[in-house]
Amino acid sequence: VQRLLNAVLSYIDREVHLRHGGVKNFSGLIRVVCVAHLLKDAHVENTHV
């Protein structure tokens with residue numbers, strides 16, 4: 001699990017640097033990514049009911 005998490009964080013960091021030149025608050029970005037993912041999952045679950 002730790003290796004997977006490290007890989008995901010590295011991927012996000014690399015993509016942000018390539019597309020936007022970096023981010024000042026990486027932990028804030030990760031929180032936004034997690035919330036967006038949870039909201040997306042909640043929306044998908046609600047559409048299948």
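Nothing in this text is a laboratory measurement; each read-out follows from the coordinates by a stated rule. Predicted model only: the values in this text are computed from it and were never measured. Cβ: placed from backbone, ideal geometry, glycine included. Neighbour counts: every protein chain shown.
Observations on the structure shown:
- Size descriptors for the chain (Cα atoms only): Rg and Dmax, in that order, 13.4, 41 Å.
- Net length gained if the chain between Val1 and Arg19 were fully extended (0.36 nm per residue, minus Cα distance): 3.8 nm
- Computed from Cα atoms, the angle from the helix 26-47 axis to the main principal axis of the chain rounds to 20 degrees.
- Relative to the longest principal axis of the Cα atoms of the chain, the long axis of helix 2-20 lies at roughly 70 degrees.
- Neighbours of Leu9, meaning other residues whose beta-carbon lies under 14 angstrom from its beta-carbon, give a summed charge of +1 when Lys and Arg score +1 and Asp and Glu score -1.
- Local charge for Asn25 was computed over the other residues whose Cβ lies under 15 Å away, with Lys and Arg +1 and Asp and Glu -1, and equals +1.
- Between the beta carbons of Leu9 and Leu39, assuming R0 = 22 Å, the FRET efficiency works out to 0.65 to the nearest 0.05.
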